[in-house]
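The values are calculated or read from the model by the stated rules, or taken from the named source; none is laboratory data. Just so you know, these numbers come straight off a predicted model, no measurement behind them. Note: ideal-geometry Cβ built from the backbone for every residue, glycine included; neighbour counts use all protein chains shown. When the accessible area is computed, the model is the full protein with side chains, heavy atoms only, and any ligands, DNA or RNA have been set aside. Shrake-Rupley method; radii C 1.70, N 1.55, O 1.52, S 1.80 Å.
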Amino acid sequence: MATSKPVCVADFEVAARNLLPRNAWDYYASGAEDMYTLRDNTDAFARIRLRPRVLVDVSKIDLTTRVLDHTIRSPIGVSPSAMQRMAHDEGERATARACAAMDTCMILSSWSTTSMEDVAAAGRSVHSGTTADLPSPVRWFQLYVYKDRATTRNLVERAVRAGYGALVVTVDTPYLGRRLADIRNKFTLPPHLTLANLAAQGQGEKAQMAPGGTPVPGHSNASGLAQYVVDQVDPTLTWDVIHWLRSITTLPIIVKGVMTAEDAALAVQHGVDAIIVSNHGGRQSDCCLSTIEALPEVIAGVADRVPVYLDGGIRRGSDVFKALALGARACFIGRPVLWALTCGGEQGVRDMLQLLEDEFKLTMALAGCSNLSQITRRHVILPSERAGIPLSHVVPAKL
Ligand SMILES: Cc1cc2nc3c(=O)[nH]c(=O)nc-3n(C[C@H](O)[C@H](O)[C@H](O)COP(=O)(O)O)c2cc1C
Ligand SMILES: CCCCC(=O)C(=O)O
């Protein structure tokens, strides 16, 4: 932990940067290519301003929300990020315990360095220790679809058995984005760690990330990770995969990585249960829009038929407020979890989530909202509106 307690998410980042080995820091922090989208994800939030309402009783603020059929304590969940044991020996277990303690949703990566069964048990132990009637923690499993469908099917079946409540299918990664630092570092997983979900199904050798093998599109000189993706992950996926998944599981299906109205409408047509607007933290296609800028069109494409969540660039409670004002039902956090994990394991992640929750609650109070349904489109003002287009042209007043 830093010598003084972090007072904002950025403090966790500075502390983690000083603690992590280069290979791990670069992998966690990088975006693709020139990292325009990575920067835009945060900068675009900063360009949105609030329209606070006053003289509203905000002495009690209710942050609870529902994600699919689960009630969680606040609309701030945890995105899937691979290989968390590079940050802290307890890795994904610590994140699971922190999420359970904070009563929020954790999405576990397919490429965790702890098996999904061990993570499931870790999340559960916090709750079962003291109060028997507390609900099980909300955990979803993020799925990469392997070329080998038997491998994929095994992952899904194990996720069901381990009690995961939904599948989050990542759809923005037919190949890995070009992350220059990882290429320079020839990034691979440190030798004492494995992609535990694959190793647990007897595919330890597939979880090696050695350069060499099938040529990687766009990578004259690939990182071990990019090579692993090109060897294993199915780049032929189409919307048919949703129907295939439906044929093998009854779990709700969420697609992660939708950025346009067209794909949002297709996702609904193909029967998904929810959408996560995500550009993979700017790690896949550089130059695509920030997620907060893409959110309005995705919301329009969905037209209230399924819930829309968002990740990418959330670093402040006010960012969560802005996303909800623009129509997201909840937000998910990526890198800040890895920084907090590095700094203080489970306690670090709890502190970071608490900090974001406190900031969000204060933003609500200062904007005159005492529950989430009171956060509306009229609470935010976009750069185009600041530039002179009157808000009344964009959102009709509902007084
Ligand atoms: C180190 C790292 C690993 C990630 N691993 C995965 C993954 O395994 N599966 C996935 O769907 N997304 C993965 N992501 C993307 C995140 O789920 C999320 O979309 C992104 O980090 C959100 O942006 P933020 O970091 O600005 O909060 C990863 C992101 C990072 C930074
Ligand atoms: C297929 C990529 C695996 C991990 C990941 O999603 C990331 O590094 O961004």
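So, of the residues in the stretch 256-298 that are hydrophobic (A, V, I, L, M, F, W, C) and within 15 Å of ligand 2 (Cβ to nearest atom), which turns out to be surrounded by the fewest Cβ atoms within 10 Å (Cβ to Cβ)? Selected residue: CYS288. Taking residues in the stretch 86-108 that are under 13 Å from ALA121 (Cα atoms), and partners anywhere that are modelled with pLDDT under 95 and of a type in the set (Gly, Ala, Ser), the pairs with Cβ atoms closer than 6 Å and at least 6 places apart or on different chains are ARG93/ALA122; ALA96/ALA122; ALA96/GLY123; ARG97/ALA122; ALA100/GLY123. The stretch 1-48 holds helices (runs of 4 or more DSSP H) entirely within its bounds, and those carrying 1 or more residues that are open to solvent by 80 Å² or more (accessible area, probe 1.4 Å) and in contact with a Ser or Thr (Cβ under 7 Å, 6 or more places away or on another chain) map to 9-19.
Contact annotation: residue pairs with Cβ atoms under 9 Å, 6 or more positions apart or on different chains, pairing a residue in the stretch 151-173 that is of a type in the set (Phe, Trp, Tyr) with a partner that is outside any loop (DSSP other than H, G, I, E, B), are TYR164/LEU108; TYR164/MET116; TYR164/ALA120; TYR164/ARG139; TYR164/TRP140; TYR164/PHE141; TYR164/ARG158. In the stretch 315-336, the residues that are among the β-branched types (Val, Ile, Thr) and open to solvent by less than 10 Å² (accessible area, probe 1.4 Å) reach residues that are at pLDDT 95 or above and within 16 Å of ligand 2 (Cβ to nearest atom) with C-beta atoms within less than 8 angstrom, at least six apart or across chains, in these pairs: ILE333/VAL78; ILE333/SER79; ILE333/ASP311. For the stretch 337-363, the set of residues classified as open to solvent by 30 Å² or more (accessible area, probe 1.4 Å) and among the hydrophobic types (A, V, I, L, M, F, W, C) consists of LEU362 only. Taking the stretch 49-69 as the range and being over 28 Å from PRO383 (Cα atoms) and open to solvent by 60 Å² or more (accessible area, probe 1.4 Å) as the test, the residues that pass are ASP57, SER59, LYS60, ASP62, THR64, ARG66, ASP69. Candidates are the residues of the stretch 146-166 that are touching a strand residue (DSSP E or B) at 6+ places or on another chain (Cβ under 8 Å) and within 16 Å of ligand 2 (Cβ to nearest atom); the one that is most open to solvent (accessible area, probe 1.4 Å) is LYS147.
Taking first residues from the stretch 239-264 that are in a helix (DSSP H, G or I) and partners that are aliphatic (A, V, I, L, M) and open to solvent by 30 Å² or more (accessible area, probe 1.4 Å), the Cβ contacts under 6 Å between residues at least 6 apart in sequence or on separate chains come to ALA261/ALA300.
For VAL169, the conditions (1) more than 23 Å from ALA87 (Cα to Cα); (2) open to solvent by 60 Å² or more (accessible area, probe 1.4 Å); (3) not charged (D, E, K, R) are fulfilled apart from (2).
Do you know which residues across the stretch 33-51 are in contact with a Leu (Cβ under 8 Å, 6 or more places away or on another chain) and either modelled with pLDDT under 95 or farther than 21 Å from VAL320 by Cβ (or both)? Listed by number, the list holds a single entry, GLU33.
Conditions tested, residue by residue: (1) within 16 Å of ligand 2 (Cβ to nearest atom); (2) modelled with pLDDT of 95 or more; (3) open to solvent by 30 Å² or more (accessible area, probe 1.4 Å).
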residue	(1), (2), (3)
GLU205	no, no, yes
LEU237	yes, yes, yes
HIS243	no, yes, yes
ARG246	no, yes, yes
LEU251	no, yes, no
ILE254	yes, yes, no
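Checked against the criterion of being over 23 Å from GLU92 (Cβ atoms), within 16 Å of ligand 1 (Cβ to nearest atom) and modelled with pLDDT of 90 or more, the candidates LEU180, LEU167 yield just one match: LEU180.
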